[in-house]
Amino acid sequence: MLLGRQSWLFDNSPRIIAAAAVGGPFESKCQIAEDFDQFTSDLWMEQDSFEKAEVKLLELACAKALEKAGLKNDDINFLLSGDLDNQITSSSFAARGLHIPYLGIFSACSTSMESLALASKIVDNNGANYVMAATASHNAAAEKQFRYPTEYGAQKPPTAQWTVTGAGAVILGKQGNGPRIISATIGKVVDMGISDPFNMGAAMAPAAVDTIETHLNELNVEPDYYDLIATGDLGFTGYSIVQDLFRKKGICLKKNLYVDCGTIIYGKDPKVFSGASGCACSAIVTYGHFLNRMRRGELKRILVAATGALLSPMSYQQKESIPGIAHAVSIEYIQ
Amino acid sequence: MEQFIRAFLVGGAICAIGQVMMDVFRMTPAHTMTALVAAGAVLGGLGWYDKLVDFAGAGATTPILSFGNSLLKGALAEAEMHGLIGVLTGIFEITSAGISSAIIFGFLAALVFKPKG
Amino acid sequence: MAKKKQATPMQKDYQIRAKKLEPKRKVGINILRAFISGGSICALAQLLQIFFINVFHFDESKAGNPATAVIIFLAALLTGLGRYDQIAQWAGAGTAVPITGFANSIASAAIEHRSEGFVLGVGGNMFKIAGPVIVFGTFAAFVVAIIKLVFQALGG
């Protein structure tokens, strides 16, 4: 049912049947490596372009999720997927191989939660038996498209972030004993005039605050109703900004309550500057790390607000600022 | 020895100015290089860049400003011989080595290497 | 030409807050690193020039050309080996401002776009970053030359 203007409370609580997280070679050394299902040995995955490798990553995550669910491609009614490539080609080409009816979506790095929210709505409304939501990102493909050729010697500033090479996929169903999707809040586009593509954290933070605040209001809960509130990929820079903005509103988010997926994956590795980013960032941390913590009983209720920067290489050249968006989904697992 | 010290100091100083353009004025590398190459042409027109080259040698010929200066000198040299049309026909005369090498070695690199990510 | 939109007061306020919380660029250290690395590259170029004058008997005025070619070759090689960007992260303008930056911008773009084929990929994208340098260098030289020649014709 609809709560307020932009939130959904899922009356039938769709269940997570299975979830998978895969990563690249750099991710195999990250702080949450044991929460991944598989790593690839290089950035190419035996393909002849980074973009084609990203397709393989996404296919791998989807295959892993199906395997863990004990389901076949034919059992899945719909695949909702998106990524950062122009015209979301990674998702489209993966869907081509998976032969599942496909709904391609785009909201940059908040695709994970947008796809999870929509997938939940479809299952909750009896529109499907099983829906798969997936997303992927590839460091080299993203740099090539949004910034510079990977071997170009531009000095990255400390606010820059590192796009995760990886993919996450989740399968939702109507029944099961797994974690349940309780609610979702669809975000509005928020643009505070930040125009530096090397400072995405600052561009997206206002949207995260807007969505989380709206969610708390429309669901009528306090922040500590959740064991964890996570933003998608704001990095260390955006994380500080969100805390600052909430403080300004008189809402206190404690450090162990509020986390950011972008700071969790690699920690303070200097190679990643302000932290991880990319569609796969929030997907991997949620579908791998957070779900594992929930299964161990460490977390019962979480809210994940994935964040996206809605720019294109051309919009930036045309002196447009970077609009941000955040979509939030709450997951519960009380065993 | 003195040649090296001058080259080092002047070249280093020009790069330091470039760093200020990037960090303080927040210019992208492409904008910084573009501004410097145009500055090279202007300083060349004023007659000052050649003096810097005499003083600092490679310290002045290595930075991208030198490229702008050479483009200008090519234009002026040709104009002196053939009149105003020389401005069009002579621009790339002196910089030929730089542009040809960059294209050729860049292409060869694409033949041999794959990006490392 | 696209104009930058005027920021609203709320946007301006946010931008100021965000800027305060941004990790600061180490401007002083970056300038020092640029100075050292840029100076070193120029000193290397000077060494090459002397080498070409003494060993290959190049004329002093022309020795810059082969020296430039060697530096460009080295920059392209390091780009291909995947080392240039690591050096450049440390050096900043120290590698971007010398001719090495120009060479790297061409080599890196060429290497990156090989996946799109040699004609449109490599050929068509090679000047993605270096293009503006050539365009504006040429145009600036054109304008300055015309102005100088007009000046000379009028003033003598």
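Here are some notes:
Residue-wise test of (1) at the interface with chain B (Cβ under 7 Å from one of its Cβ atoms); (2) over 13 Å from B:T61 (Cα atoms); (3) outside any helix (DSSP H, G or I); (4) more than 13 Å from the chain's Cα centre (by Cα).
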position	(1), (2), (3), (4)
C:I29	no, yes, no, yes
C:L44	no, no, no, yes
C:F51	no, yes, no, yes
C:D59	no, yes, yes, yes
C:P66	no, no, no, yes
C:L74	no, yes, no, yes
C:A88	no, yes, no, no
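- The requirement of being at positive phi and small (G, A, S) is satisfied by A:G297.
- Within segment B:63-98, the residues that satisfy the criterion of being buried (at least 17 other Cβ atoms within 10 Å of the Cβ), more than 7 Å from every other protein chain (Cβ to nearest Cβ) and not in a loop (DSSP other than H, G, I, E, B) are B:L65, B:S66, B:N69, B:S70, B:K73, B:G74, B:E78, B:G86, B:G90.
- Checking each residue in segment A:202-253 for being without any contact (Cβ under 8 Å) to a residue 40 or more places away in the chain, under 21 Å from A:V285 (Cα atoms), away from chain C (no Cβ under 14 Å) and in contact with a helix residue (DSSP H, G or I) (Cβ under 8 Å, 6 or more places away or on another chain) picks out A:P223, A:L253.
- Test for C:G155: is it more than 9 Å from chain A (Cβ to nearest Cβ), under 22 Å from B:L111 (Cβ atoms) and either under 17 Å from the mean Cα position of the chain (by Cα) or surrounded by fewer than 16 Cβ atoms within 10 Å (Cβ to Cβ) (or both): no
- Residue that is farthest from C:G28 (Cα to Cα), among those in segment C:91-129 that are more than 7 Å from every other protein chain (Cβ to nearest Cβ) and in contact (Cβ under 8 Å) with a residue 24 or more places away in the chain: C:T100
Per-residue answers, yes or no, for (1) under 22 Å from A:S7 (Cβ atoms); (2) modelled with pLDDT of 95 or more; (3) not in a helix (DSSP H, G or I):
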site	(1), (2), (3)
A:I284	no, yes, no
A:F290	yes, yes, no
A:R293	no, yes, no
A:G297	no, yes, yes
A:T307	yes, yes, yes
A:H327	yes, yes, yes
A:S330	yes, yes, yes
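- Test: residue in segment A:246-259 that is at negative phi, within 18 Å of the chain's Cα centre (by Cα), surrounded by fewer than 23 Cβ atoms within 10 Å (Cβ to Cβ) and β-branched (V, I, T): yes
- Test: residue in segment A:21-31 that is more than 19 Å from the chain's Cα centre (by Cα), over 24 Å from A:G275 (Cβ atoms) and either outside any strand (DSSP E or B) or not charged (D, E, K, R) (or both): no
- Conditions (1) buried (at least 17 other Cβ atoms within 10 Å of the Cβ); (2) among the small types (G, A, S); (3) farther than 29 Å from B:M1 by Cβ; number of the one not met by C:A63: (3)
- Complete set of residues in segment A:25-63 that are among the small types (G, A, S) and in contact with a strand residue (DSSP E or B) (Cβ under 6 Å, 6 or more places away or on another chain): A:S28, A:A61
- Put simply, of C:D59, C:D85 the only residue that is on the phi < 0 side of the Ramachandran plot, out of contact with any Asp or Glu (no Cβ under 8 Å at 6 or more places or on another chain) and among the acidic types (D, E) is C:D59.
- Hits in segment B:1-22 (condition: modelled with pLDDT under 95 and facing another protein chain (nearest Cβ under 7 Å)): B:Q3, B:F4
- Residue tally, condition of a type in the set (S, T, N, Q) and either within 14 Å of chain C (Cβ to nearest Cβ) or within 17 Å of the chain's Cα centre (by Cα) (or both), over segment A:114-149: 6
For (1) touching a strand residue (DSSP E or B) at 6+ places or on another chain (Cβ under 8 Å); (2) more than 24 Å from A:S240 (Cβ to Cβ); (3) of a type in the set (G, A, S), each residue gets a yes or a no:
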site	(1), (2), (3)
A:K255	no, no, no
A:P270	no, no, no
A:R295	no, yes, no
A:E332	yes, yes, no
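The values are calculated or read from the model by the stated rules, or taken from the named source; none is laboratory data. What you are looking at is a predicted structure, and each value in this text was computed from that prediction instead of being measured. Heads up, the Cβs are rebuilt from the backbone with ideal geometry, glycines too, and the neighbour counts pull from every protein chain shown.
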